[in-house]
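Structure, as structure tokens:
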Amino acid sequence: MQSDLHKIIVSPQPLSSDHVKVFLYQILRGLKYLHSAGILHRDIKPGNLLVNSNCVLKICDFGLARVEELDESRHMTQEVVTQYYRAPEILMGSRHYTNAIDIWSDYSNIE
């Protein structure tokens, strides 16, 4: 992959609405696949979304990824996701979270 979404966002070339739609579709499709397998990425951010010259996007850096914990009595790590992309439930000290944290960080990337 030639680049990542962070480099594309900060580049002087503007993104068209079609580019945004294509990237968002691919991110959500990738997250759907991960979440259907019970995997939480826990660090979705533009630097972890690789893009090639054909606008094909791939999710990378699974260093913080974990299998989803269904038992709500089990505590989960709080220091996940780069601070700027943390979901409100993590910031508020929730001891258990779901795959919604990946969706929150994905939404933060788009804005």
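The values are calculated or read from the model by the stated rules, or taken from the named source; none is laboratory data. Predicted model only: the values in this text are computed from it and were never measured. Backbone-built Cβ (ideal geometry, glycine too); neighbour counts: all protein chains shown. Only protein heavy atoms, including side chains, enter the accessible area calculation; ligands, DNA and RNA are left aside. Shrake-Rupley method; radii C 1.70, N 1.55, O 1.52, S 1.80 Å.
For segment 23-42, state whether one or more residues are in contact with a Cys (Cβ under 6 Å, 6 or more places away or on another chain) and free of Cβ contacts under 8 Å to residues at least 60 places away in the same chain. The answer is no; no qualifying residue exists. Considering segment 44-71, and only residues there that are under 17 Å from Asn99 (Cα atoms) and in a strand (DSSP E or B), the residue that is least open to solvent (accessible area, probe 1.4 Å) turns out to be Ile59. If you go through segment 1-43 and pick out every residue that is part of a loop (DSSP other than H, G, I, E, B) and open to solvent by 30 Å² or more (accessible area, probe 1.4 Å), you end up with 9.
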